[in-house]
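K.L.:
Sending over a structure as structure tokens; questions will come in a sec.
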Amino acid sequence: MERRLYIETYGCQMNVADSELMLGQLGRAGYRRVERADEADVILVNTCAIREHAEQRIYGRLGELTRHKLRRPGVVLGVAGCMAQHLRAKLIERVPQVDLVVGPDGYRRLPELIEEARAEPTLAVRSSRVETYGDLVPARADGVRAWVSIMRGCDKFCTFCIVPYVRGRERSLPAGEVLRQVEHAAAEGFREIVFLGQTVNAYRDGDVDFAELLTRANRIEGIARIRFTSPHPSDMSDRAIEAMAACEKVPPHLHLPLQSGSDSVLARMRRIYTVEEYERLVGKIRRAMPGIALSTDIIVGFPGETGEDFEATRAAMERIGYESAFIFKYSPRPGARSADWLETVDEEEKTRRITLLIEEQKDRSLLKNQSDIDSTVEVLVEGATRRTPSEWFGKSAHFKTTVFPHRAERVGDLISVRVAAATPHAVLGEGVRAANFAAVEDVLA
Ligand code: 5AD
Ligand code: SF4
């Protein structure tokens, strides 16, 4: 009997890549993917635990999915990912219809685990120090971009973060397996590779460090761009900067999480750099790659963050001048070090701080995007925008969403677009209706 699998993914790109890994594993075991939960006999939810909000949303979604079990009791409902690892048996206590709880290190055995879960509730949350899945072939989604996890886990233990507890210790894939995956993706027609890891630039396999891996991947034919996320500032070696600058396929964009612009907050977060060190690093990066676009992650309302600390973050963001930023309200995660610390910033004040940073960043992003007007950007074509099929989009080398009127371009082409207008989230080619913001924002949804 053919088996039908429905999978839903929450959270970061690592999870997107892990879902492709699970699809690969289950595809080999005879499962076919379906697009609707009511057509499936196995429903998997790949979850995130980074903030409480993520878990709340997933609880809501699990509640909805349990109705498929009421109608068809044979359906297996599985929860995978970081929230599964974080809550373990508590997840089944809270949602008794869940048949399988599988953490990020249990995916190799997924077909067997599903069989076990048909008989009784099954928990697979043992973490591994060695599992990298480097030898497994993921079933990648169509498109121009292939995610390649090059390392797993994290050893940094930032005090706010649950990741080291749910994804375990840092370990890198053998370089040969990474490069084989890149070649395989190129042969499948993917044009962009995104190397993934919680601290992706901490990659090391023997003599092959992150810089060497970039250099070797850069030689693989068929690939137009190689990006990576997320690096840790303290692992951003001179060698890595030199390799980025030297590899023509590595575009001039870097996501470099700052988290806070206050040294005392950074110290309590255990980020192991000061603002000055971070800015010195940015200086080096900009000297090596003039005009590089930077983006970042910021947390507001960390325990003990004073008004002065917050102003320091505001000022640092202004000085550094990011093209874009992901800004989050601090969310205590039980299990992470800071969860036991007294929260000193109330919800209202967190809202005030995040709103201010988002507004200021929006203005800054708009100015940055406007500075592209009248210049030509190189775009890797991804496809039609959702609302206006005659307008297509892709990412520029600065990783900005770029919308252009479609003529004969094909998905995967590298094209030149002359920028005529800008929004805070995109740049628009000539002939795109700049007033039609909805179409542009839609691309990002
Ligand atoms: N609360 C808020 N934001 C967090 N992040 C990680 N943990 C938390 C937390 N407990 C943010 C960091 C990280 C990004 C992926 O999520 O900014 O870089
Ligand atoms: Fe979390 Fe810090 Fe590791 Fe990033 S580096 S995954 S924020 S502990």
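The values are calculated or read from the model by the stated rules, or taken from the named source; none is laboratory data. For clarity, every value in this text was computed on a predicted model and none was experimentally measured. Note that we place each Cβ from the backbone using ideal geometry, even for glycine, and neighbour counts take in every protein chain shown. Surface areas here come from the heavy atoms of the whole protein model, side chains and all, with no ligands, DNA or RNA. Shrake-Rupley method; radii C 1.70, N 1.55, O 1.52, S 1.80 Å.
K.L.:
Quick test for you: out of S390, S365, pick the one residue that is surrounded by fewer than 20 Cβ atoms within 10 Å (Cβ to Cβ) and either in contact with a Phe, Trp or Tyr (Cβ under 6 Å, 6 or more places away or on another chain) or within 26 Å of R145 (Cα to Cα) (or both). Working first, answer last.
P.N.:
Details: S365 fails: surrounded by fewer than 20 Cβ atoms within 10 Å (Cβ to Cβ).
Selected residue: S390, the only one of S390, S365 that is surrounded by fewer than 20 Cβ atoms within 10 Å (Cβ to Cβ) and either in contact with a Phe, Trp or Tyr (Cβ under 6 Å, 6 or more places away or on another chain) or within 26 Å of R145 (Cα to Cα) (or both).
K.L.:
Could you say whether any residue in segment 111-119 is in contact with an Asp or Glu (Cβ under 7 Å, 6 or more places away or on another chain) and either open to solvent by 20 Å² or more (accessible area, probe 1.4 Å) or more than 28 Å from A40 (Cβ to Cβ) (or both)?
P.N.:
Applying the first criterion (in contact with an Asp or Glu (Cβ under 7 Å, 6 or more places away or on another chain)) to segment 111-119 yields 117.
Those still in the list that are either open to solvent by 20 Å² or more (accessible area, probe 1.4 Å) or more than 28 Å from A40 (Cβ to Cβ) (or both) too: none.
No: segment 111-119 contains no residue that is in contact with an Asp or Glu (Cβ under 7 Å, 6 or more places away or on another chain) and either open to solvent by 20 Å² or more (accessible area, probe 1.4 Å) or more than 28 Å from A40 (Cβ to Cβ) (or both).
K.L.:
A follow-up question, please. Could you list, in sequence order, the residues of segment 87-99 that are surrounded by 23 or more Cβ atoms within 10 Å (Cβ to Cβ) and either in a loop (DSSP other than H, G, I, E, B) or touching a residue at least 40 places away in the same chain (Cβ under 8 Å) (or both)?
P.N.:
Selection gives V98, D99.
K.L.:
Would you pick out the residues in segment 290-315 that are open to solvent by 10 Å² or more (accessible area, probe 1.4 Å), closer than 30 Å to C247 by Cβ and not in a strand (DSSP E or B)? Before the answer, list the steps.
P.N.:
Narrowing segment 290-315 to residues open to solvent by 10 Å² or more (accessible area, probe 1.4 Å): 290-291, 297, 299, 304, 306-309, 311-312, 314-315.
Retained after the next criterion (residues that are closer than 30 Å to C247 by Cβ): 290-291, 297.
Matches in segment 290-315: P290, G291.
K.L.:
Applying the selection to segment 343-377, what residues are in contact (Cβ under 8 Å) with a residue 24 or more places away in the chain, over 20 Å from A422 (Cα atoms) and in a helix (DSSP H, G or I)?
P.N.:
Here is the first cut: in segment 343-377, the ones in contact (Cβ under 8 Å) with a residue 24 or more places away in the chain are 343-345, 349-350, 353-354, 356-358, 360-366, 368-370, 372-377.
Now narrow it down to the ones that are over 20 Å from A422 (Cα atoms): 343-345, 349-350, 353-354, 356-357.
Passing the criteria: E349, K350, R353, I354, L356, L357.
K.L.:
In segment 1-31, what count of residues is obtained for those that are open to solvent by 20 Å² or more (accessible area, probe 1.4 Å), more than 16 Å from ligand 1 (Cβ to nearest atom) and part of a helix (DSSP H, G or I)?
P.N.:
4
K.L.:
Okay, moving on. For residues that are over 16 Å from the mean Cα position of the chain (by Cα), away from ligand 1 (no atom under 16 Å from the Cβ) and either not aliphatic (A, V, I, L, M) or not in a loop (DSSP other than H, G, I, E, B) (or both), tally how many sit in segment 125-159.
P.N.:
Here the count works out to 12.
K.L.:
Oh, and also: Filter segment 49-88 down to residues that are among the charged types (D, E, K, R) and closer than 17 Å to A117 by Cα, then give me how many there are.
P.N.:
Here is the first cut: in segment 49-88, the ones among the charged types (D, E, K, R) are 51-52, 55, 57, 61, 64, 67, 69, 71-72, 88.
Filter again for closer than 17 Å to A117 by Cα, leaving 69, 72, 88.
The qualifying residues number 3.
K.L.:
A further question follows. Looking at (1) modelled with pLDDT under 95; (2) closer than 30 Å to P303 by Cα; (3) of a type outside the set (K, R), which is the only condition T385 fails?
P.N.:
(2)
K.L.:
Would you check which residues across segment 397-432 are open to solvent by less than 60 Å² (accessible area, probe 1.4 Å), in a loop (DSSP other than H, G, I, E, B) and of a type in the set (V, I, T) and list them?
P.N.:
Those that are open to solvent by less than 60 Å² (accessible area, probe 1.4 Å), in a loop (DSSP other than H, G, I, E, B) and of a type in the set (V, I, T): T423, V432.
K.L.:
Same structure again: Answer with yes or no whether L357 is among the aliphatic types (A, V, I, L, M) and surrounded by 14 or more Cβ atoms within 10 Å (Cβ to Cβ). First the steps, then the outcome.
P.N.:
Working: among the aliphatic types (A, V, I, L, M): yes; surrounded by 14 or more Cβ atoms within 10 Å (Cβ to Cβ): yes.
The answer is yes for L357.
K.L.:
Continuing with the same structure: Return yes when E183 is free of Cβ contacts under 8 Å to residues at least 40 places away in the same chain, within 16 Å of ligand 2 (Cβ to nearest atom) and open to solvent by 10 Å² or more (accessible area, probe 1.4 Å) and no when it is not. Walk me through how you get there before you give the answer.
P.N.:
Numbers: free of Cβ contacts under 8 Å to residues at least 40 places away in the same chain: yes; within 16 Å of ligand 2 (Cβ to nearest atom): no; open to solvent by 10 Å² or more (accessible area, probe 1.4 Å): yes.
For E183, the condition - free of Cβ contacts under 8 Å to residues at least 40 places away in the same chain, within 16 Å of ligand 2 (Cβ to nearest atom) and open to solvent by 10 Å² or more (accessible area, probe 1.4 Å) - is not met.
K.L.:
Something else now. Cβ-Cβ distance below 7 Å, separation of 6 or more or different chains: which pairs start in segment 68-79 with a residue that is closer than 14 Å to P111 by Cα and end on one that is open to solvent by 60 Å² or more (accessible area, probe 1.4 Å) and not aromatic (F, W, Y)?
P.N.:
That search, which allows pairs on different chains as well, returns V76/R118; L77/Q97.
K.L.:
Just to be sure, is I193 within 15 Å of ligand 2 (Cβ to nearest atom) and touching a residue at least 40 places away in the same chain (Cβ under 8 Å)?
P.N.:
Working: within 15 Å of ligand 2 (Cβ to nearest atom): no; touching a residue at least 40 places away in the same chain (Cβ under 8 Å): yes.
Spelling it out, it is not the case that I193 is within 15 Å of ligand 2 (Cβ to nearest atom) and touching a residue at least 40 places away in the same chain (Cβ under 8 Å).
K.L.:
Then there is this: Residues to consider are S324, S295, S331; find the one that is in contact with a Phe, Trp or Tyr (Cβ under 7 Å, 6 or more places away or on another chain) and within 16 Å of ligand 1 (Cβ to nearest atom).
P.N.:
Values: S324 fails: in contact with a Phe, Trp or Tyr (Cβ under 7 Å, 6 or more places away or on another chain); S331 fails: in contact with a Phe, Trp or Tyr (Cβ under 7 Å, 6 or more places away or on another chain).
On inspection, the qualifying residue turns out to be S295.
K.L.:
With the structure loaded, tell me whether Y165 is under 19 Å from the mean Cα position of the chain (by Cα), of a type in the set (S, T, Y) and in a helix (DSSP H, G or I) or whether it fails that test.
P.N.:
On the way: under 19 Å from the mean Cα position of the chain (by Cα): yes; of a type in the set (S, T, Y): yes; in a helix (DSSP H, G or I): yes.
For Y165, the condition - under 19 Å from the mean Cα position of the chain (by Cα), of a type in the set (S, T, Y) and in a helix (DSSP H, G or I) - is met.
K.L.:
Oh, and also: If I ask for residues that are more than 15 Å from ligand 2 (Cβ to nearest atom), assigned to a loop (DSSP other than H, G, I, E, B) and either farther than 18 Å from R270 by Cβ or touching a helix residue (DSSP H, G or I) at 6+ places or on another chain (Cβ under 7 Å) (or both), which ones from segment 316-342 would you list?
P.N.:
G321, Y322, E323
K.L.:
Can you say whether D209 is in contact with a helix residue (DSSP H, G or I) (Cβ under 7 Å, 6 or more places away or on another chain) and within 16 Å of ligand 1 (Cβ to nearest atom), as far as the supplied structure shows?
P.N.:
On the way: in contact with a helix residue (DSSP H, G or I) (Cβ under 7 Å, 6 or more places away or on another chain): yes; within 16 Å of ligand 1 (Cβ to nearest atom): no.
In short, no.
K.L.:
Identify all residues within segment 378-396 that are in contact with an Asp or Glu (Cβ under 8 Å, 6 or more places away or on another chain) and assigned to a strand (DSSP E or B); write none if there are none. Explain how you work it out, then say what you get.
P.N.:
Taking segment 378-396 as the starting set, the residues that turn out to be in contact with an Asp or Glu (Cβ under 8 Å, 6 or more places away or on another chain) are 380-381, 384-387, 392-396.
Answer for segment 378-396, where residues must be in contact with an Asp or Glu (Cβ under 8 Å, 6 or more places away or on another chain) and assigned to a strand (DSSP E or B): L380, V381, A384, W392, F393, G394, K395, S396.
K.L.:
Could we say that I162 is open to solvent by less than 10 Å² (accessible area, probe 1.4 Å), more than 16 Å from ligand 1 (Cβ to nearest atom) and under 30 Å from V178 (Cβ atoms) here? Spell out the reasoning first.
P.N.:
Values: open to solvent by less than 10 Å² (accessible area, probe 1.4 Å): yes; more than 16 Å from ligand 1 (Cβ to nearest atom): no; under 30 Å from V178 (Cβ atoms): yes.
Criteria not met by I162.
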